[in-house]
Amino acid sequence: MVLERGPLTEILTASGDGLRQDFVVEQAPAGKEPLTLTLALEGATASAAPAGVALTLPGGRQLSYHRLHITDAAGQVGR
């Protein structure tokens, strides 16, 4: 699933490992400050988990965000 969200594109793909969520920023933001991506939650709560972040949905189901990393335009990977 591809969602256009203004200056970025959100891409969701499913595999045997789970759900992958990518954010693609096509153009560098103006200025020299580092790019920051902030996610807002509605109807869920977030808490620290051993491998990353756990999101708990109102019905009690949990989603785990882990193995988070970034790749810049030059192919450099960060965490």
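Nothing in this text is a laboratory measurement; each read-out follows from the coordinates by a stated rule. Given the structure is predicted, the values throughout are model-derived calculations rather than measurements. All Cβ positions, glycine included, derive from the backbone under ideal geometry; neighbour counts span all protein chains shown.
Taken over the range 57-70, the criterion of being in a strand (DSSP E or B) and of a type outside the set (Val, Ile, Thr) is satisfied by Gln62, Leu63, Ser64, Tyr65, His66.
Here Glu26 fits the description: of a type in the set (D, E, K, R) and under 19 Å from Ile70 (Cβ atoms).
Before we move on, is Ala48 part of a strand (DSSP E or B) and more than 17 Å from Ile70 (Cα to Cα)? Against the criterion (part of a strand (DSSP E or B) and more than 17 Å from Ile70 (Cα to Cα)), Ala48 qualifies. Only one entry of Ala54, Ala73 meets the criterion of being in a strand (DSSP E or B) and either in contact with a Pro (Cβ under 8 Å, 6 or more places away or on another chain) or not hydroxyl-bearing (Ser, Thr, Tyr) (or both), and that entry is Ala54. Would you confirm, using the coordinates I've provided, whether Thr38 is surrounded by 10 or more Cβ atoms within 10 Å (Cβ to Cβ) and of a type in the set (Ser, Thr, Tyr)? For Thr38, the condition - surrounded by 10 or more Cβ atoms within 10 Å (Cβ to Cβ) and of a type in the set (Ser, Thr, Tyr) - is not met.
For the range 13-38, the set of residues classified as within 22 Å of Val2 (Cα to Cα), out of contact with any strand residue (DSSP E or B) (no Cβ under 9 Å at 6 or more places or on another chain) and not in a strand (DSSP E or B) consists of Gly16, Asp17, Gln27, Ala28, Pro29, Thr36, Thr38, listed by residue number. If I go through the range 1-23 residue by residue, how many of them are farther than 17 Å from Leu63 by Cα, exposed (fewer than 10 other Cβ atoms within 10 Å of the Cβ) and hydrophobic (A, V, I, L, M, F, W, C)? So the count comes out to 1.
So for the range 43-51 (the condition being touching a Leu at 6+ places or on another chain (Cβ under 8 Å) and surrounded by fewer than 10 Cβ atoms within 10 Å (Cβ to Cβ)), does at least one residue qualify? Checked the range 43-51: at least one residue is touching a Leu at 6+ places or on another chain (Cβ under 8 Å) and surrounded by fewer than 10 Cβ atoms within 10 Å (Cβ to Cβ).
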